[in-house]
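Worksheet: one structure, shown below.
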Amino acid sequence: MEPIEPARPRPRGIYLLPNLFTTGGLFGGFFAIVAAAQGKFEEACIAIFIAAILDGIDGRVARMTNTQSEFGVQYDSLADLVSFGMAPALVMYHWALSSMKLDGAMFGKVGWLVAFLYAACAALRLARFNSQVGQVDKRWFIGLASPAAAGLMASFVWTCDDLGLAGPELRWPAAAVAVVAGLLMVSRVRYNSFKGSGQGARAERVPFATIVIAVAILIALWIDPPRVLLAATALYALSGPVMWFHRRKIASEPA
């Protein structure tokens, strides 16, 4: 009887399919930066949302095709930093924050520092997420996820631009949105990931209510994309602090 040879370990390679989606997301972020520099803010915001969609696909494709790799994880993080860190920060800067110099030279510096704060918070959020992979409950995000924060920034700019509101007139509200989105990313506030139990194969299952909500949002997007996206991202960003205060209130009540 011939001895059975042990299965050879799969070589650690660079897999085309998932990294192709990651590259598409990176391109969306890069395009958003270029478009914002040219004053094409609607196109820039749409590109950020397309990058977010591709970012949600690449990981699932890698798991479905069993093509996960350490290279893919690191490449995805670098692409996310561009698409959800640098791109939203620069879109907001070109649209409104650069106009803070109208309030004086010092406030002009505040404008680009606010944009940098958001980008730095996105980098810290991604680094913390990578360091905690496999250690946290997959049902929750610790801090606002960078794609959600980028969606809040992009939908705010897109909605205001669609309404004909000039960025310079809204430079202070824009700065507030950027600061809040950045700080929520590095906070310890928990956000629902809309995943299953987080245990084994069930981790990829999505609750039925999430599917219904997603269908309703998709229908509403056909009616008014920028406003629906702004409402959805704002409500999600607020859900974390609201649930945090709710849990604190319950914990403080006497038994």
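No value in this document is a laboratory result; all are computed from the given coordinates. What you are looking at is a predicted structure, and each value in this text was computed from that prediction instead of being measured. Here the Cβ is made from the backbone with ideal geometry for all residues, glycine too, and neighbour counts use every protein chain on show.
Each of the peptides 120-128, 83-91, 177-185 was scored by the mean count of other Cβ atoms within 10 Å over its residues; in descending order, highest first, they stand as 83-91, 177-185, 120-128.
Taking amide H as placed 1.01 Å from N in the peptide plane, Trp140 has its amide H under 5 Å from the amide H of Ser193, each at least 5 places away in sequence or on another chain.
I need the semi-axes of the equivalent ellipsoid of segment 122-193: take the C-alpha gyration tensor, multiply each eigenvalue by 5, square-root it, list largest first in whole angstrom.
After diagonalising the Cα gyration tensor, the semi-axes are 29, 11, 9 Å.
When the Cα convex hull of segment 91-151 is projected onto planes of every orientation, the mean area is 4.7 nm².
Taking packing as the residue-averaged number of other Cβ atoms within 10 angstrom, the listed peptides 226-235, 26-35 run from highest to lowest as 26-35, 226-235. Note that segment 122-128 has calculated 3J(HN,Hα) couplings of 5, 5, 5, 4, 5, 5, 5 Hz, one per residue in order, obtained from phi through the Karplus relation 6.51 cos²θ - 1.76 cosθ + 1.60 (θ = phi - 60°); glycine and proline are x.
Per-residue packing, averaged as other Cβ atoms within 10 Å, sorts the ranges 39-49, 53-63 into the order 39-49, 53-63, beginning with the highest.
Rounded, prolate or oblate: which fits segment 61-104, taking a ≥ b ≥ c as square roots of the Cα gyration tensor eigenvalues, rounded meaning a/c under 1.5, else prolate when a/b beats b/c?
prolate
A cut-off of 5 Å between modelled amide H atoms, ignoring neighbours fewer than 5 places along the same chain, links Arg190 with Gly143.
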